[in-house]
1. Over all distinct alpha-carbon pairs, what is the Kirkwood Rh of the range 112-152 in angstrom?
2. Quick check on my link table: of LYS286/LYS348; LYS115/LYS440; LYS115/LYS348; LYS348/LYS478; LYS343/LYS422, which ones sit more than 28 Å apart, alpha carbon to alpha carbon?
3. From the Cα gyration tensor of the range 387-491, with a ≥ b ≥ c the square roots of its eigenvalues, which class applies: rounded if a/c is under 1.5, or else prolate if a/b is larger than b/c, or else oblate?
4. Using Cβ contacts closer than 10 Å as the measure, can you line up ASP97, ASP128 from fewest to most?
5. Kindly put GLU447, GLU336, GLU467 in sequence by how many other C-beta atoms sit within 10 Å of each C-beta, fewest to most.
6. Please list the non-local residues whose amide H lies under 5 Å from the amide H of GLY142, H modeled 1.01 Å from N, same-chain partners needing a gap of 5 or more.
7. For an R0 of 60 angstrom, estimate the FRET efficiency from the Cβ-Cβ distance between SER483 and ARG446 and round to the nearest 0.05.
8. Around TYR164, which amide H atoms from residues at least 5 apart in sequence, or from another chain, sit under 5 Å from its own amide H, with H modelled in the peptide plane?
Amino acid sequence: MSSIIISAETNQHLIAVGNQDPSAATEHLPTDLPGNDIHSSRSTSRSGINFPSAIANLLHLHHSSPPPLPAVNELTPTFTPKDDISSLRSFIHGPGDWSSLLDPLHPSLRREILKYGEFSQATYDAFDNNPGSEYRGSSLYGRRRILQLLGLSRYGYAVSRYIYATSNINLPRWLVQPLLRPKSSWCDVSNWMGFVAVSGDAESRRIGCRDIAVAWRGTVSAAEWVEDLQAQLVPLIPCAPDHEGARVERGFLSLYTSRSESSRFTRSSASEQVMRELRRLVEFYKNRGEDVSVTITGHSLGGALALLNAAEAASILPADVAVTVISFGAPRVGNELFGEMLKAKKVKVLRVATKQDLVPKVPGVVFNEDRMGEGWEWVYTHVGDELALDTEASMYLKRGVVDVAGFHGLETYLHLVDGHEKAGGVFRARARRDVALVNKFAGLLREELAIPERWYQPANKGMVRNEFGRWVVPRRPKEDIPSPCAPSPAAAAASASSAPRI
């Protein structure tokens, strides 16, 4: 089985310049790319393949004159008022077919996609990836403060549970650990992987149901984890024991189902943690006579975990609970029988994918294209509806440059969703999302905008001056120190009979 390999060092982009004439392609590539022998700006491999032009052709990139930039009004709000969409509940948060809302993209569906995309982005923004932090690999903020501190409280959700994960197979670049291991270090083998949140009363009335959102974190190092993808399909059991033919990628399943007795955060697997919380919340709100939906979201690796979570949720939760997945830049996860299982369980899946992003094409970017529809157990396939985006539709983004990490970035996706109206259409004139966010972790914005590349970081890199005038790493507030995800039996029994704190 073949798959495309993305090779990049940490914080280093694979960049090429696309051109209509492959012989005229120029590039700026790391000299240590496997299989490359770079001698000049017109580089070919030993096999005679021009890698930059091959990548540009794969990603549909060509040189073109950039369109004029519209003026950016800094006094315009970055979000629109929330309309009542309860009449669309069946199509957006229920079992109804939403294909009629995708092309052209219905404004209400666009806003909901952006909402769940913001939840996915929150898992990156709140992730402690500071090598010097004793809590590296955890959330920077406690669950009661995370949405408020990240400016997302306007969506009307409250986080009820954090999710932690570990893996029993080697997944380099996924697990991050502090460089120094003080006695107070929080964990060696687990990382924070996301959260479960519940819509409050006002938001539930607006959308027409009580929505339980699950946001899964991807990987901080953009697309580098693809290098380590095992590309080995294994049975989905135990997540769906009644579908023996369904197979999924081994690494994703391990991350979702592994436990570690050495960590108080992952003595229960991520699967057990999230399903315990979903069952508790669904039971509580259904006992109150409410309609309940479950919307699972994630970017990249998080999108893969979202599909596994949806497969299990649809197998365990009551049949009248709508289970929906909205993923961004997610890879293929399983075989065709896995996709058929999701359809049989009435799981709605919306895959948001940018044609310039390589990750949705893996695993099996070469092999699978000729084997789709043959029902082979070991052939990967995508599932659900696709919302196809194109970076060249945005007048704000650079043209003709291949930036693998930038094209895969979630902020790039959210920018394109905000400007998308219909397939092949122009960028929406009334798009309001802050354009500067594209360069938060990337450098795709045109230089004329004068937005620094990769500008997002804590003030003074998190350092503060103490009462003696020395710059120090501050201690975390008590409410932000990681605490185990599994409550004691007494606490679990008490929480099961009480309302979630919204």
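Each reported figure results from applying straightforward, stated rules to the coordinates on display, with no laboratory input. On a predicted model such as this, the values are computed, not experimentally measured, just so you know. Every residue, glycine among them, receives a Cβ derived from its backbone with ideal geometry; neighbour counts consider all protein chains shown.
1. 10.8 Å
2. LYS348/LYS478
3. Values: a/c = 3.25, a/b = 1.67, b/c = 1.95.
Judged from the Cα gyration tensor, the range 387-491 comes out oblate (a/c at least 1.5, b/c at or above a/b).
4. Ranking ASP97, ASP128 by Cβ neighbours within 10 Å, fewest first, gives ASP97, ASP128.
5. Exposure proxy ranking, most exposed first: GLU467, GLU447, GLU336.
6. The answer is ASP480.
7. Numbers: r = 44 Å, r/R0 = 0.74.
Taking R0 as 60 Å, the efficiency between SER483 and ARG446 is 0.85.
8. Close amide H contacts, sequence-distant or interchain: MET193.
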